[in-house]
Amino acid sequence: MIEEVVHAHGHENVSAEHTSTFEVTSDDFLTPAGDCILAIEADRTPADFDDEFVAACQQSDSTIVAAIEVEEHTETIEGRGHPDLTFENDRSLVGRTSEYVDDRTVMVDADSPALGIDREMVEALAAGAELRLRLSVDPADST
């Protein structure tokens, strides 16, 4: 298991209503239109991730887990890797329920979008709570 950890915090405009993605950004602002964004001012972005982590995520049969921790709430979203994941974006990371890939994508086929996040967690984020995102990958060939 290989892990990357990102710290960020909520914002009054966090709504988590997007039906196909979730996002954490390093931007220091959030407009109401950013309905997939869970937290802002992330201390790390995909461009900061270790090469070993990136290589493991580029295996299409790898399992990627996003553990989102906010106060006493924990949410786990599971997806998978994809050979086209680049981890080159230096602003934000996105988990997708689809197989669409761009330089922000950190997982595809996620089992939950922002809308699926527990509403108590969303309320805490809207109040400015701290978020800890643990991304872990279990490389397919780790046996």
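Applying 0.36 nm per residue to the separation of His9 and Ala33 and subtracting their alpha-carbon distance, the gain on full extension is 6.9 nm. A full extension of the chain between Glu99 and Glu123 corresponds to an added length of 5.8 nm, given 0.36 nm per residue minus the alpha carbon distance. Semi-axes of the equivalent ellipsoid for the range 53-98, computed as √(5λ) from the eigenvalues of its C-alpha gyration tensor and ordered from largest down, come to 21, 14, 9 Å. Defining a contact as two alpha carbons under 8 Å apart and six or more residues distant in sequence, what relative contact order in percent does the range 1-137 show? Once divided by the residue count of the range 1-137, the mean separation gives 36 percent.
The HN-Hα couplings worked out from phi for the range 126-137 by the Karplus form 6.51 cos²θ - 1.76 cosθ + 1.60 (θ = phi - 60°) are 5, 8, x, 4, 6, 10, 10, 10, 9, 9, 10, 10 Hz, whole numbers, x standing for Gly and Pro. Compactness of the range 29-105 was expressed as the Cα radius of gyration divided by 2.2 N^0.38 Å, which yields 1.13. Full extension of the chain between Met1 and Asp90 gives 29.7 nm of extra length, using 0.36 nm per residue less the Cα-Cα distance. Of interest is the spacing of the C-alpha centroids, which for the range 26-43 and the range 79-137 amounts to 12 Å.
Measuring how big the range 53-143 is from its alpha-carbon positions, Rg and Dmax come out at 13.5, 43 Å.
Only the coordinates and a few stated rules stand behind these numbers; no lab work does. Predicted, not measured: the structure shown is a model, and the values here were computed from it.
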